[in-house]
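The values are calculated or read from the model by the stated rules, or taken from the named source; none is laboratory data. Bear in mind that the values here come from a model prediction, so they are computed numbers and not experimental data. Every residue, glycine as well, gets a Cβ built from its backbone with ideal geometry; the counts of neighbours run over all protein chains shown.
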Amino acid sequence: MKPPAEVEVSLVFRHFYPILAGAAERFRRYSVPLAEHGIHYEVFTLREENAHAESEELHEFLRVRRFSVQGKPWMRDAALFQQAWQHLAQKAPQGHVLQTSLAHDLSWPWLRRIRQRGVGCLYVGTMVGRPELGLPAWRRWAQSLKSWRNYRPFHRVVVSTTVMARWFQSQGVNPERIEVIPNGVDLQRFRPARDLAEKLVLREQLRLPAKSPVVLFAGSIVPRKGIDLLLKAWPVVKKKVPDAQLVLVGGFDRPTFMTLERMTELGRFQDEMRALATRPACAGSVHFVGESSEVEQWLRASDVFVFPTEQEGMGNVVLEAMASAVPSVITHFHGLPEREFGQPGQEFVLVPRTSEDLAQSLTELLSTPDKAAAIGWHGHAWAQRELGLELTIQRYAELYRRLALVP
């Protein structure tokens, strides 16, 4: 059977633009080049604020439907799958695909109906999970059975790294159903500063000092990202490089923390981080600048990128820093790709997750600009060679067309 010229993909995401949430934001950006391949997106997401329209076209091939739903997170997810089911039940299955990054007990019945309808179902993994140590054998068996059931409705599971592929295999997903598609980088958007003049103009626009070394972090101000580790390391860096500045691009407001308990814990953590940043040892050198849709400008204006995260799926911002020729210091984290970032010590710097090791590596790069520049340009060459967005878009377009023909 000939693949359809156009495919509509129903995306089910708990959060979507204007809320900046990981994979959802990535596929919003993918939607423009994928439209050239005949791929259209119909998004089913939660309506978090009254200011967010119930229905909106972000562009001709990306329509967003937002639903006001009450209840616990997984109950709200189930309501989104129900809406997707009602939409797909009115259409012929050929030419349609359901995609999500959610899979749990309440989503499973709706996914099963969608699959039985003949619609291709795709799960996109975003995180490498952690095994719960110390559980009795029966609990481990029950969790494995639950994971196997929840992933069973999906014809394909896409992951961005080989490490993530092994995690999903451990959760009962048949390796034949897993595809590794790296998160591509827009190499036109994420590029090095053309020269010193461009860098200085950007620093003026961003209100950064013209001559001070700038270390950049980009990501949400949440415990998993390792902000506490970074702020504990910073006074040591500041002592050895007195004019160094630390800039943190990322929001404090996290609607993805959906329970009152988690929001309270997050608030306490963020208060602690503000307190660490205002210690005399930091001497006004730490700057929280909030979320930005123009991370590429902050990268081009910086000298070193730091990513002390504890757990990730891939950590796309590292790839973006590499593409921008900014030398990257990252800590060992759960889910660290084995080869997708290149070679430690050449394309990036990898250090143990201690404040001492992090401070030492940041100080070394800030103190040896030639070494820092060499690592930055090696990372840039790797990104150009291995991580261009075009290959990612082509792989997804081909996958969508195959799934649109699922009997």
(request) Would you check which residues across the range 11-59 are in a helix (DSSP H, G or I) and closer than 22 Å to SER107 by Cα and list them? (result) GLY22, ALA23, ALA24, GLU25, PHE27
(message) Being of a type in the set (A, V, I, L, M), in contact (Cβ under 8 Å) with a residue 12 or more places away in the chain and surrounded by 20 or more Cβ atoms within 10 Å (Cβ to Cβ) is the requirement here; does VAL180 meet it?
(response) no
(message) If I filter the range 282-294 down to residues being under 22 Å from the mean Cα position of the chain (by Cα) and at pLDDT below 90, which single residue comes out as farthest from LYS225 (Cα to Cα)?
(response) SER293
(message) Would you confirm, using the coordinates I've provided, whether LYS211 is within 29 Å of GLY388 (Cβ to Cβ) and modelled with pLDDT under 95?
(response) no
(request) Scan the range 240-265 for residues that are in a loop (DSSP other than H, G, I, E, B) and either touching a Ser or Thr at 6+ places or on another chain (Cβ under 7 Å) or modelled with pLDDT under 85 (or both) and jot them down. (result) VAL241, ASP243, ALA244, GLY251, PHE252, ASP253, ARG254, PRO255, THR256, PHE257, MET258, THR259
(request) Look through SER147, SER220 and report the one residue that is surrounded by 15 or more Cβ atoms within 10 Å (Cβ to Cβ), touching a Gly at 6+ places or on another chain (Cβ under 6 Å) and more than 30 Å from THR278 (Cβ to Cβ). (result) SER147
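For ALA23, are the conditions met, namely being outside the structural domain of LEU319 (by TED's automatic domain parsing), among the hydrophobic types (A, V, I, L, M, F, W, C), at pLDDT below 95 and in contact with a Gly (Cβ under 9 Å, 6 or more places away or on another chain)?
Spelling it out, ALA23 is indeed outside the structural domain of LEU319 (by TED's automatic domain parsing), among the hydrophobic types (A, V, I, L, M, F, W, C), at pLDDT below 95 and in contact with a Gly (Cβ under 9 Å, 6 or more places away or on another chain).
Matching residues to (1) touching a residue at least 24 places away in the same chain (Cβ under 8 Å); (2) out of contact with any strand residue (DSSP E or B) (no Cβ under 6 Å at 6 or more places or on another chain); (3) in the same structural domain as ALA21 (by TED's automatic domain parsing):
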position: HIS52; (1), (2), (3): yes, no, yes
position: SER55; (1), (2), (3): no, no, yes
position: GLN70; (1), (2), (3): no, yes, yes
position: GLN83; (1), (2), (3): yes, no, yes
position: ALA89; (1), (2), (3): yes, yes, yes
(request) Would you be able to say whether some residue in the range 109-120 is surrounded by 18 or more Cβ atoms within 10 Å (Cβ to Cβ) and at pLDDT below 90? (result) no
(request) Specify which of the listed residues (ALA381, ALA301, ALA359) is farther than 28 Å from TYR41 by Cβ, assigned by TED's automatic domain parsing to the domain that holds LEU206 and in contact with a Lys or Arg (Cβ under 6 Å, 6 or more places away or on another chain). (result) ALA301
(message) Looking at GLY250, GLY226 in this structure, which one is assigned by TED's automatic domain parsing to the domain that holds VAL318, touching a helix residue (DSSP H, G or I) at 6+ places or on another chain (Cβ under 8 Å) and of a type outside the set (A, V, I, L, M)?
(response) GLY250
(message) Checking the structure you have, find out if any residue of the range 132-143 is surrounded by fewer than 20 Cβ atoms within 10 Å (Cβ to Cβ), touching a residue at least 12 places away in the same chain (Cβ under 8 Å) and not aliphatic (A, V, I, L, M).
(response) no
(message) Against the definition (part of a loop (DSSP other than H, G, I, E, B), in contact with a helix residue (DSSP H, G or I) (Cβ under 8 Å, 6 or more places away or on another chain) and either under 30 Å from VAL159 (Cβ atoms) or at pLDDT 95 or above (or both)), how does GLN297 come out, yes or no?
(response) no
(request) Among residues belonging to the range 10-30 that are over 16 Å from HIS52 (Cα atoms) and hydroxyl-bearing (Ser, Thr, Tyr), point out the one that is surrounded by the fewest Cβ atoms within 10 Å (Cβ to Cβ). (result) TYR30
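Yes or no, residue by residue, for (1) touching a Lys or Arg at 6+ places or on another chain (Cβ under 6 Å); (2) crowded, with 23+ Cβ neighbours inside 10 Å:
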{"site": "MET273", "(1), (2)": "no, no"}
{"site": "GLU294", "(1), (2)": "no, no"}
{"site": "THR309", "(1), (2)": "yes, yes"}
{"site": "LEU319", "(1), (2)": "no, yes"}
(request) Only residues in the range 262-290 that are closer than 19 Å to TRP234 by Cβ count as the first member; pair them with residues that are part of a helix (DSSP H, G or I) and among the small types (Gly, Ala, Ser), Cβ under 6 angstrom, at least 6 apart or cross-chain, and list the lot. (result) VAL286/ALA277
(request) Scan (1) at pLDDT below 90; (2) surrounded by fewer than 19 Cβ atoms within 10 Å (Cβ to Cβ) for the single condition ARG279 breaks and write down its number. (result) (1)
(message) Name the residue that is nearest to VAL214 (Cα to Cα), counting only residues in the range 266-291 that are of a type outside the set (Lys, Arg) and in a loop (DSSP other than H, G, I, E, B).
(response) SER285
(request) Would you mind telling me which numbered condition in (1) surrounded by fewer than 17 Cβ atoms within 10 Å (Cβ to Cβ); (2) free of Cβ contacts under 8 Å to residues at least 60 places away in the same chain; (3) of a type in the set (A, V, I, L, M, F, W, C) LEU391 fails? (result) (2)
(request) Give me a count of the residues in the range 139-159 that are modelled with pLDDT of 90 or more and hydroxyl-bearing (Ser, Thr, Tyr). (result) 1
